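**Q** Attaching a single structure in C-alpha cells format; questions to follow.
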There are 2 protein chains.
Amino acid sequence: MEQTATPLQVNFETSPDQYQHWKLTIDGHVATLAMDVNEDAGMRPGDYKLKLNSYDLGVDIELADVLQRLRFEHPEVHAVVLTSLKPRIFCAGANIYMLGTSSHAFKVNFCKFTNETRLGMEDMSAHSGIKFMAAVNGICAGGGYELALACDEILLVDDGTASVGLPETPLLGVLPGTGGLTRVVDKRKVRRDLADDFSTLVEGVRGKRAVEGRFVDAVIPTSKFQEGVTKRAQELAALSDRPKTGPGISLSPLMPVVDGDRIRYRYVTGVIDREKRLCELTISAPDTPQPATANEFLRAGDQSWAVRAFRELDDALLRLRLNEPEIGTIVLRTTGDPKAVLAVDAALDAHKSDWLVREITSLIRRTLKRVDLTSRSFFALIEPGNAFAGTLLELALAADRVYMLDHPDQANTIELSAMNGGAYPMSNGLTRLQVRFLGEPESVGKALDHDGPIDASSALDAGLVFSAPDDLDWDDEVRMALEARAAFSPDALTGMEANLRFAGPETMETKIFGRLTAWQNWIFQRPNAVGEHGALMTYGREGRPTFDFNRT
Amino acid sequence: MEQTATPLQVNFETSPDQYQHWKLTIDGHVATLAMDVNEDAGMRPGDYKLKLNSYDLGVDIELADVLQRLRFEHPEVHAVVLTSLKPRIFCAGANIYMLGTSSHAFKVNFCKFTNETRLGMEDMSAHSGIKFMAAVNGICAGGGYELALACDEILLVDDGTASVGLPETPLLGVLPGTGGLTRVVDKRKVRRDLADDFSTLVEGVRGKRAVEGRFVDAVIPTSKFQEGVTKRAQELAALSDRPKTGPGISLSPLMPVVDGDRIRYRYVTGVIDREKRLCELTISAPDTPQPATANEFLRAGDQSWAVRAFRELDDALLRLRLNEPEIGTIVLRTTGDPKAVLAVDAALDAHKSDWLVREITSLIRRTLKRVDLTSRSFFALIEPGNAFAGTLLELALAADRVYMLDHPDQANTIELSAMNGGAYPMSNGLTRLQVRFLGEPESVGKALDHDGPIDASSALDAGLVFSAPDDLDWDDEVRMALEARAAFSPDALTGMEANLRFAGPETMETKIFGRLTAWQNWIFQRPNAVGEHGALMTYGREGRPTFDFNRT
C-alpha cells in the first residue's frame, strides 16, 4: 500500500485548496458546484487531455470529497446546484482516451467508485436533507448525463444546442454503465421504447422532446435560465431539515503512515502479506472518552472515533481496491474495549435526529456498503481482545465468513447494539442481520433482544458466526480457509460474492451494481469494445470500429 | 435457418421415441423422470463423452420436451420425481469438456436455455399443479444440483457418499451459473456464509449437514429411500388441482419447411436477410374456426391456433438464438383477422380455470418471456392487415420498438383484450403494460378500458407505440431505424436491452437472468476460465490452472 509517484498509486484524499476541476460557491442555503475540468490535470497527464469537461478518476475523487465536506462542513447548505463553468458544455462524460488506455480492472473500479459517488448524492437527498439539481447549461452526454440523473431534478437550458444523451452504445460500443440505463427506466421511469431510442442517439435529445420523454424535468430559455435555476434551488432548499447556520466540523487530512506494506492510521491498520495475497485490516475501538451528546460530537469534530475510524476504513478500502488488485482477501479484526464501541452506539442512537449524528451514521453506513461492494473476500476473525460489538459487529456481518475462537480460558465475546437493528441497511434496503437470516427471520429479533456479551458457542448456535474452533484447531482452520480462498480463481470469487452477498429484494442501487455493472464489465472485455479494432480503441481516430456481429 | 447435418445446427424438436437420456415412467399421479445419459450420444459425439450423467444441450432439449409433454399429454400427472438410473450418481452437471470446447456465444445460450427449462419446472409448480421432487440417489454436483434446486423439495439418500455440491468455483473457475447461487440464497434462503462455504467445496455436503444448512429438505437411509420418496411424492401429488384422469392432448412434430433462408410453419414464417442481419418473423392470426370451450380446446388438440402458433414461435426463437448468431434484429409482424385473435382470447379468458386452457396460456406466457430474454433487438411493425390484438399485441409490447403506419386510406389498428391485463406477466411479475407505463400507471387502466380498435395516432397518444409515421415516411423511417440498429455493437445492444427491458421489481427469476447470468457471462470470457491455462481448459488434464490473481 506504499504510495509512490506513479499515477497508478491512487490517493483518495484531497481538499478544496487542491481541487483542479470543481468550484464550490455557497450562497445562503444553496451551494453551487461547478465543473470546470482542467484538461491538463488528468491522473495520467501525458496520456490524455480532459477536454470538454470529460472526467477521469481524479475528477470524481474531488467530487466525492466536496460532497463529503458539504455534508460535514456546511450544515447550512440545503440544496446543491450542479452545473458547469464551460460555455455550452455541461459534461462530456468519462474521458474516452482514458478508458481506452486503462486496464480492465481499472475501468471496472473507476466505474464502481463513480457509481458510489452518484449514489452518495441520492443518499444525501434521501437521508441528509440536501437536494440536488442539475443545471444543464450545455451538452450533457454519457457520464455527464449519468451525473445529472443522480440529481433530484434536471433543468436544461433551451438554447437550441444544449442536450442530454447517452451515446455510449452508438459511439463507443459500451454501456452507459454508471447507473445511466437503470436510472432512466427505474428512477425517471422513462418508457422503455423511448429509453431504447434515446440510448441509441449520438446527439441526445433537447427542448420539449427531452421534457416529454421525462429525460429532464424542465427546459428554460437561456435568458431565464439562471433565474429559474436559482428559484427552483431555493424551493428545494426550503424542504430541508438541516440547521439554518453552522458551524459544521472540518475534515482534516487522515495522513496515514505508510511503511512498505504497512499502513497505519489512528484507528485502522493495514498489513499486506503479498505471498498470501491478503491484507490484515484491524480496526481499534475508542481508547479515549467519546462524545455522548450532539454538542460533544460537534466539539470533537473529525477527531471523534466514529468519524475518524470510518473515514480511515473507507480510505483503506479504496486504496486496496485501486492500488492492490492482487490482494484478494481482507482479514478483518477489531481490538480494544467493546464497551467503548457500545457507548458510542448509545450516543449515536440517542441523538440520531441531530444533523451531525445523522451524518456520522451515514458515513458509517456508506463505508459498510463499500465493504459489501468491494470485490475482495472478507474474512472476519474474532479473537480474545476483540471489539466486535454493535457498529463494529456490522463489519463481521458484512464479511463472507466469520471465525470466532472458542477459547477455554480467555473470554471472547461479541455483542449487539440497537445500531444493528436498522441504522446501517445494505444497498438492498435490508439490514445485514435480515439478509443473514432471510430463512429464519425470527433469529433477527432473537439476536437483537439478547442482552450482553455472547460467547463463541452461543454465537455459533445463534447463527452469528460461521465457525467457532477451539484454541487447538483455530490456527489450522483459519490458515487452511485463507489458503484455500487464495487459490481460487479471483474472477469466480468476484462473481460468487456479488451474488451471495445480496439475497433478498433488489433496489435501484443493487440493480446498478448487480445487473448493470455486470453487463458493463462483460462488455468492457469484449473485442468489439476493447479489441484492436473495437469501438473504444478506434474512437476519435480515423476509421470506424470493426464489429464481430455475432450476438451472444 | 436451414438445417444441416452439422452439430451446430441445433434442432429443438424431439419426442419420447427419440430420447437418449431420460426415462419417463408414470405410476398413478406420480411421474418419475430418470436421468440416464447415454455418454456416446452427445451433440458433438466425437468431442466429448457424457460421463456420469453430465449433460449438454441435447440432454436439456429432451428434458424441456418431456416437461412440455407432461403438461399437455399427461393431465393425470400431479407430481414429478426427478432421479437418476445411474448407481451412486444423480448428475455431475454440465459436461466440462463440452463447455471447454464451446464458443462463448454457445455457452451463454446453452446456460440461458437450461435456465429457462429449470424456471419452467418452477412455473409448473406455481401455476400448473405439478410439484417436483428431486430424489438424489448419489453425487449431485454443479448443474446437477441446480436441477435439484429447481424442484420444490430435495430428498437425499444417506448412504455415506451421496452429496450435493456446487464445485464450479474451486474446480472450474466459473460460477454455478444456471440459477445455482441465486436459488441457494434466495429460494432456499441458505445463510450467506454457509452458502459461501458450500460454493467453495469440491466435495459438497451430505447427511445431516446438508439438511441443517437447508441444502436439502431431508436425508433418508438407503433402505428406506425409495419408500420415503414415493410417500412424499404422493403427498405432493395430493396438493394438485389437475384432473384425476386424461386424456390430454398430444404434441405432434411441427415439421417446418426449411428452404434456404426461409422457414415456414403453419402460422409462423421466418425470412432471414443476411445482408441486413435481420429476420422477418410473421405470425398469422387464426384462419379457421377456433375452440370456444374447454372441451373444444381438448378436441382440437395441438392443432388449435393458440397451441400451434406459440409452439412454432418458440421453436423459431430457439433456432434463431442458437443457429443464427449473426442475425441481430427480429422484425415482428402479424397478419390476418384480429377479431379471430380476440375470439381466442375471449375463450382463453372465459375458461382459464380449465387445466388445458391454463396450460395453453402458460405456453403463451413462457414463449413471450422467451422473447423478453432473447438477446436480439425486436422491432414490431404494425401495418394494414395486421393482427396485433390481445395476445398477439403482447408481442409488440415485448418489442424494443413498435412502429405503426398511420395510413391515410387504409385502416390500421391495434386492440387490447383482457389477456393484456395479467395473463402474461414478465419475469419480474409485472405485465408488459405495467412495465411500459411504470412512470404513468394510470395509462395501464386507460389502455385496458379502451373498447374497440385503436388507430395509429391514438396508439401514439396512448403511448402504446414508439412512432406512427405516415405512408410517405414509413419506408424511410423503418429502413433507417433497422439500418442504424444493425450497425451498433451487438454486445452493447445485448447489455442495453437486458437493462432497459426489465424496469421495476426484480424477482428470483430476473436475478438469475440479470445478475447471475451477467456475471457468469463475464467470467466465461476471462482468461482465468477460458484462456490457454484457464480452469475450464485444464480441467481433467495434467497440471493445474494458472491464474492471474488480479481482482476486478
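The values are calculated or read from the model by the stated rules, or taken from the named source; none is laboratory data. None of the values given here were measured: they were computed from a predicted structure. Please note: Cβ atoms are built from the backbone with ideal geometry, for glycine as well, and neighbour counts cover all protein chains shown. Only protein heavy atoms, including side chains, enter the accessible area calculation; ligands, DNA and RNA are left aside. Shrake-Rupley method; radii C 1.70, N 1.55, O 1.52, S 1.80 Å.
**Q** Would you point out the residue of the range A:88-135, among those that are outside any strand (DSSP E or B) and of a type in the set (Lys, Arg), that is farthest from the other protein chains (Cβ to nearest Cβ)?
**A** Top of the filtered list is A:ARG118.
**Q** Scan the range A:223-240 and tell me whether some residue there is surrounded by fewer than 19 Cβ atoms within 10 Å (Cβ to Cβ) and within 26 Å of the chain's Cα centre (by Cα).
**A** yes
**Q** Within the range A:344-354, track down each residue that is crowded, with 19+ Cβ neighbours inside 10 Å and part of a helix (DSSP H, G or I).
**A** A:VAL344, A:ASP345, A:ALA347, A:LEU348, listed by residue number.
**Q** Next question. Taking B:ASP314 as the residue in question, decide whether it is in a helix (DSSP H, G or I), over 30 Å from B:PRO490 (Cα atoms), in contact with a helix residue (DSSP H, G or I) (Cβ under 7 Å, 6 or more places away or on another chain) and acidic (Asp, Glu).
**A** So B:ASP314 does not fit the description; no.
**Q** Here's something else I'd like to know. Could you please find all residues in the range B:517-527 being surrounded by fewer than 24 Cβ atoms within 10 Å (Cβ to Cβ) and at the interface with chain A (Cβ under 7 Å from one of its Cβ atoms)?
**A** Once the filter is applied, which keeps residues that are surrounded by fewer than 24 Cβ atoms within 10 Å (Cβ to Cβ) and at the interface with chain A (Cβ under 7 Å from one of its Cβ atoms), the range B:517-527 yields only B:GLN525.
**Q** Right, next: Name the strands (runs of 3 or more DSSP E) wholly within the range B:1-87 that hold at least 1 residues that are among the polar types (S, T, N, Q) and open to solvent by 30 Å² or more (accessible area, probe 1.4 Å)?
**A** B:22-27, B:30-35
**Q** If we scan the range B:282-293, do we find a residue that is within 28 Å of B:PRO490 (Cβ to Cβ) and within 22 Å of the chain's Cα centre (by Cα)?
**A** There is at least one residue in the range B:282-293 that is within 28 Å of B:PRO490 (Cβ to Cβ) and within 22 Å of the chain's Cα centre (by Cα).
**Q** For the list (1) free of Cβ contacts under 8 Å to residues at least 40 places away in the same chain; (2) at the interface with chain B (Cβ under 7 Å from one of its Cβ atoms); (3) open to solvent by 10 Å² or more (accessible area, probe 1.4 Å); (4) out of contact with any Phe, Trp or Tyr (no Cβ under 7 Å at 6 or more places or on another chain), I need the number of the one condition that A:ARG209 fails.
**A** A:ARG209 satisfies all of (1) free of Cβ contacts under 8 Å to residues at least 40 places away in the same chain; (2) at the interface with chain B (Cβ under 7 Å from one of its Cβ atoms); (3) open to solvent by 10 Å² or more (accessible area, probe 1.4 Å); (4) out of contact with any Phe, Trp or Tyr (no Cβ under 7 Å at 6 or more places or on another chain) except (2).
**Q** Ok, one more. I'd like the full set of residues that are within 16 Å of A:VAL190 (Cβ to Cβ) and among the β-branched types (Val, Ile, Thr), limited to the range A:160-176.
**A** A:VAL164, A:THR169
Quick grid of which residues meet (1) open to solvent by 40 Å² or more (accessible area, probe 1.4 Å); (2) β-branched (Val, Ile, Thr); (3) in a loop (DSSP other than H, G, I, E, B); (4) not assigned by TED's automatic domain parsing to the domain that holds B:GLU280:
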| residue | (1), (2), (3), (4) |
| --- | --- |
| B:VAL465 | no, yes, yes, no |
| B:VAL478 | no, yes, no, no |
| B:ARG485 | no, no, no, no |
| B:ALA492 | no, no, no, no |
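**Q** Please go through the range B:274-284 and pick out each residue that is polar (S, T, N, Q) and free of Cβ contacts under 8 Å to residues at least 60 places away in the same chain.
**A** B:THR282
**Q** If you don't mind, there's one more thing I want to ask. Checking the condition away from chain A (no Cβ under 13 Å), under 21 Å from B:ASP314 (Cβ atoms) and at pLDDT 95 or above, which residue from B:LEU416, B:LEU392, B:LEU397, B:LEU405 passes?
**A** Just one listed residue meets the conditions, B:LEU392.
**Q** Pull up the range A:260-273, narrow it to residues that are farther than 19 Å from A:VAL10 by Cβ and either assigned to a loop (DSSP other than H, G, I, E, B) or in contact (Cβ under 8 Å) with a residue 12 or more places away in the chain (or both), then point me to the one that is farthest from the chain's Cα centre (by Cα).
**A** Looking at residues that are farther than 19 Å from A:VAL10 by Cβ and either assigned to a loop (DSSP other than H, G, I, E, B) or in contact (Cβ under 8 Å) with a residue 12 or more places away in the chain (or both), I get A:ASP273.
**Q** Among the residues of the range B:323-337, write down those that are surrounded by fewer than 20 Cβ atoms within 10 Å (Cβ to Cβ) and either in contact (Cβ under 8 Å) with a residue 60 or more places away in the chain or small (Gly, Ala, Ser) (or both).
**A** B:ASN323
**Q** Quick one: is B:LYS112 basic (Lys, Arg), open to solvent by 10 Å² or more (accessible area, probe 1.4 Å) and farther than 27 Å from B:GLU359 by Cβ?
**A** Working: basic (Lys, Arg): yes; open to solvent by 10 Å² or more (accessible area, probe 1.4 Å): yes; farther than 27 Å from B:GLU359 by Cβ: no.
In short, no.
**Q** Condition first: surrounded by 21 or more Cβ atoms within 10 Å (Cβ to Cβ) and either touching a strand residue (DSSP E or B) at 6+ places or on another chain (Cβ under 6 Å) or in a loop (DSSP other than H, G, I, E, B) (or both). Now tell me which residues in the range A:291-308 satisfy that.
**A** A:PRO291, A:SER304, listed by residue number.
**Q** Against the condition within 14 Å of another protein chain (Cβ to nearest Cβ), aliphatic (A, V, I, L, M) and crowded, with 18+ Cβ neighbours inside 10 Å, how does B:ILE283 come out, does it pass?
**A** No, not satisfied.
**Q** Another question, if that's okay. How many residues are open to solvent by less than 10 Å² (accessible area, probe 1.4 Å), within 19 Å of A:MET121 (Cα to Cα) and more than 7 Å from chain B (Cβ to nearest Cβ) if we restrict to the range A:181-198?
**A** Summing the residues that are open to solvent by less than 10 Å² (accessible area, probe 1.4 Å), within 19 Å of A:MET121 (Cα to Cα) and more than 7 Å from chain B (Cβ to nearest Cβ) in the range A:181-198 gives 2.
**Q** Go through the range A:348-380 and report how many residues are within 29 Å of A:ARG401 (Cα to Cα) and of a type in the set (Gly, Ala, Ser).
**A** Residues that pass the stated criteria total 4.
**Q** Kindly indicate which of A:ALA135, A:ALA126 is without any contact (Cβ under 8 Å) to a residue 24 or more places away in the chain and in the same structural domain as A:ALA233 (by TED's automatic domain parsing).
**A** On the way: A:ALA135 fails: without any contact (Cβ under 8 Å) to a residue 24 or more places away in the chain.
Every option except A:ALA126 fails the conditions.
**Q** Name the single residue, out of those in the range A:416-449 being closer than 19 Å to A:ARG366 by Cα and β-branched (Val, Ile, Thr), that is surrounded by the fewest Cβ atoms within 10 Å (Cβ to Cβ).
**A** Going through the qualifying residues, I end up with A:THR431.
**Q** A follow-up question, please. Of everything in the range B:382-415, what is open to solvent by 10 Å² or more (accessible area, probe 1.4 Å) and aliphatic (A, V, I, L, M)? Give them in sequence order.
**A** Residues satisfying the conditions are B:LEU405, B:ALA411.
**Q** Among the listed residues B:GLY543, B:GLY452, B:GLY534, B:GLY514, which satisfies the condition of being open to solvent by less than 10 Å² (accessible area, probe 1.4 Å) and more than 7 Å from every other protein chain (Cβ to nearest Cβ)?
**A** The conditions single out B:GLY534.
**Q** Sticking with this one: State which residue is farthest from the other protein chains (Cβ to nearest Cβ) when the search covers only the range B:162-180 and only residues that are assigned to a loop (DSSP other than H, G, I, E, B) and free of Cβ contacts under 8 Å to residues at least 40 places away in the same chain.
**A** Initially, the range B:162-180 is screened for residues assigned to a loop (DSSP other than H, G, I, E, B), giving B:162-163, B:166-167, B:173-179.
Next cut, free of Cβ contacts under 8 Å to residues at least 40 places away in the same chain only: B:166-167, B:176.
On the way: B:LEU166: 9, B:PRO167: 11, B:PRO176: 8 Å.
Looking at the filtered set, the residue picked out is B:PRO167.
**Q** Moving on to the next point. Hey, could you check the range B:407-421 for residues that are assigned to a helix (DSSP H, G or I) and small (Gly, Ala, Ser) and say which is nearest to B:GLY385 (Cα to Cα)?
**A** So, considering only residues that are assigned to a helix (DSSP H, G or I) and small (Gly, Ala, Ser), the one nearest to B:GLY385 (Cα to Cα) is B:ALA418.
**Q** Let me ask you something else. All but one of (1) within 27 Å of the chain's Cα centre (by Cα); (2) part of a strand (DSSP E or B) hold for B:ILE220; state the number of the condition that does not hold.
**A** With respect to (1) within 27 Å of the chain's Cα centre (by Cα); (2) part of a strand (DSSP E or B), B:ILE220 is out only on (1).
**Q** Mind listing whichever residues of the range A:153-180 are open to solvent by 30 Å² or more (accessible area, probe 1.4 Å) and more than 22 Å from A:VAL219 (Cβ to Cβ)?
**A** Within the range A:153-180, A:LEU171 is the sole residue that qualifies.
**Q** Being assigned to a loop (DSSP other than H, G, I, E, B), open to solvent by 80 Å² or more (accessible area, probe 1.4 Å) and free of Cβ contacts under 8 Å to residues at least 40 places away in the same chain: is that true of A:PRO247 here?
**A** Considered against the rule, which asks whether it is assigned to a loop (DSSP other than H, G, I, E, B), open to solvent by 80 Å² or more (accessible area, probe 1.4 Å) and free of Cβ contacts under 8 Å to residues at least 40 places away in the same chain, A:PRO247 comes out as no.
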